[in-house]
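Below: the structure, in structure tokens.
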Amino acid sequence: MMEVSYKKLWKLLIDKDMKKKDLQLVARISWASVTKLSKGETISMDVLMKICMALDCDISDIVEFVKLEEN
């Protein structure tokens with residue numbers, strides 16, 4: 001199993017001195033999408049592309065897949 005992690009996105013926002021509300025405005029995404037990001041839920045590729053364009057970055061700069069340990 002894999003899960004999605006947006007830790008890289010949050011670190012990038014900190015480096016750019018941006019808040020989640022700023023991301024929503026510059027990327028022109030809904031607050032529902034920001035909420036999903038905050039919860040580590042999957043979002044559409046369209047939203048990820050908007051974020052990458054707004055932050056001038058690549059998808060690998062904002063998201064990564066983490067393998068879950070099996071018990």
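The values are calculated or read from the model by the stated rules, or taken from the named source; none is laboratory data. Every value quoted in this text rests on a predicted model; they were computed, and no experiment measured them. Cβ sites come from the backbone with ideal geometry, for glycine too, and all protein chains shown count toward neighbours.
Limited to segment 18-71, what total is found for residues that are closer than 16 Å to Lys8 by Cα and of a type in the set (Asp, Glu)?
Matching residues across segment 18-71 total 5.
Every residue, every condition in (1) at pLDDT below 95; (2) touching a Leu at 6+ places or on another chain (Cβ under 8 Å); (3) surrounded by 10 or more Cβ atoms within 10 Å (Cβ to Cβ), yes or no:
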| position | (1), (2), (3) |
| --- | --- |
| Lys7 | no, no, yes |
| Leu13 | no, yes, yes |
| Lys16 | no, yes, yes |
| Gly40 | yes, no, yes |
| Phe65 | yes, no, no |
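In this structure, does Trp10 turn out to be aromatic (Phe, Trp, Tyr) and more than 11 Å from the chain's Cα centre (by Cα)?
On the way: aromatic (Phe, Trp, Tyr): yes; more than 11 Å from the chain's Cα centre (by Cα): no.
So Trp10 fails the test.
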